[in-house]
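The values are calculated or read from the model by the stated rules, or taken from the named source; none is laboratory data. As the structure is a prediction and not an experimental result, all values here were calculated from the model. Here the Cβ positions follow ideal geometry from the backbone for every residue, glycine too, while neighbour counts run over all protein chains shown. Calculation scope for accessible area: heavy atoms of the full protein, side chains included, ligands and nucleic acids excluded. Shrake-Rupley method; radii C 1.70, N 1.55, O 1.52, S 1.80 Å.
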Amino acid sequence: MNTLVLLPGLDGTGLLLGEFAAACGPQVEVLPLAYPADRPLDYPELEALIRARLPRDRPFFLLAESFSGPLGIRLGAAPPPGLQGLILCCTFAHQPLPTCLGPLLPPLPHSLLPLGLLGLLVLGPFATPALQAQLAAALRQVSPAVLRHRARAALAVDVRDCLPRIRMPVLCLQADADRLIPSRVSRWVAEHIPGAQRVDFHAPHFLLQVLPGPCAARVQDFMARAADHDVGNS
C-alpha cells in the first residue's frame with residue numbers, strides 16, 4: 001500500500017480534498033495535513049510544521065495543491081527521509097498572479113474576496129451547488145486575516161532556484177481552464193523540473209475537486225511506477 005500525504009490549497013483545511021482522497025481507494029493510505037486556521041504562518045513556518053508531521057516509519061508520496069506548491073517544491077529539493085515522489089497540482093514557483101493585483105490584497109474586505117467571485121475563479125463554468133457549498137464551508141473554518149496573509153505570501157514567494165535540485169519522480173497535474181493560476185505558470189514549473197511528467201485536464205483551478213476520479217487514477221499510476229522503479233534500483 002502506498003502512502004500519500006496531501007497538502008491543501010489556500011484554505012489549508014483539507015476539507016476540499018475529501019472526494020479526491022476517497023477516489024484513491026483502499027489501496028492508498030491518504031494522510032491529509034491541515035494548517036492552523038487562526039495563525040498567520042509564512043511559508044518557512046509552514047514548511048517546518050509539515051516536516052514535523054510527515055511519516056517517519058514508512059515511504060510516502062507528497063501531493064501539493066495550489067498554494068502549497070512552493071512547499072512541495074522545497075520539500076522535493078531537500079527531501080525528508082522516505083519521500084519517494086512529488087505530485088504538484090495547479091501550482092506555481094513564483095508570482096502566480098499579475099503583479100498589479102498585489103496592492104489590492106491589503107484592502108480586500110473581511111471575506112478576502114466575495115464568495116461568488118472566488119467561485120468564478122476556481123470553478124468557472126464547472127461550478128455546482130455542492131462544490132460551491134464545500135468552498136464556503138472550508139472558508140468559514142479559517143480566519144480572514146489568515147487567508148489574506150497566505151494570499152500575500154503566495155504573491156511574494158520565489159522557489160524557482162529549488163526546481164533543478166529536485167531529483168525524485170515528479171508528476172504535474174494541470175488544468176487548461178484555470179482562471180486563477182494560468183496554465184502557462186504551472187507548465188513552466190514542470191518544464192524546469194528534471195524529468196517531470198505533465199498531465200493536462202480540461203478543468204478549472206479546482207481540478208482535484210471537479211475530476212477526483214481521473215486525477216486519482218493518474219496519481220495511483222504514477223505512485224505505482226515510481227515505487228516499482230525504486231524497488232528495481234534498490
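Take the residues in segment 157-185 that are open to solvent by less than 10 Å² (accessible area, probe 1.4 Å) and outside any loop (DSSP other than H, G, I, E, B), then tell me which one is nearest to Gln84 (Cα to Cα).
Looking at residues that are open to solvent by less than 10 Å² (accessible area, probe 1.4 Å) and outside any loop (DSSP other than H, G, I, E, B), I get Val170.
Answer yes or no: is there a residue in segment 130-145 that is surrounded by fewer than 19 Cβ atoms within 10 Å (Cβ to Cβ) and over 20 Å from Gly12 (Cβ atoms).
yes
Count, please, the residues in segment 1-49 that happen to be among the hydroxyl-bearing types (Ser, Thr, Tyr) and within 17 Å of Gln141 (Cβ to Cβ). Working first, answer last.
Within segment 1-49, the first condition is being among the hydroxyl-bearing types (Ser, Thr, Tyr), and the residues that meet it are 3, 13, 35, 43.
Then drop every residue that is not within 17 Å of Gln141 (Cβ to Cβ), which leaves 13, 35.
Summing the residues that are among the hydroxyl-bearing types (Ser, Thr, Tyr) and within 17 Å of Gln141 (Cβ to Cβ) in segment 1-49 gives 2.
For segment 186-196: of the residues being out of contact with any Ser or Thr (no Cβ under 9 Å at 6 or more places or on another chain) and not β-branched (Val, Ile, Thr), which is least open to solvent (accessible area, probe 1.4 Å)?
Here is the first cut: in segment 186-196, the residues out of contact with any Ser or Thr (no Cβ under 9 Å at 6 or more places or on another chain) are 187-188, 190-196.
Filter once more, keeping what is not β-branched (Val, Ile, Thr): 187-188, 190-192, 194-196.
Numbers: Arg187: 79, Trp188: 94, Ala190: 9, Glu191: 117, His192: 78, Pro194: 56, Gly195: 75, Ala196: 28 Å².
The residue in question is Ala190.
Taking helices (runs of 4 or more DSSP H) that do not extend beyond segment 5-101, which have at least 2 residues that are touching a Cys at 6+ places or on another chain (Cβ under 6 Å) and surrounded by 15 or more Cβ atoms within 10 Å (Cβ to Cβ)?
Fully inside segment 5-101 and qualifying: 69-77.
Could you list all residues from segment 108-125 that are surrounded by 19 or more Cβ atoms within 10 Å (Cβ to Cβ) and modelled with pLDDT of 90 or more?
Selection gives Val122, Leu123.
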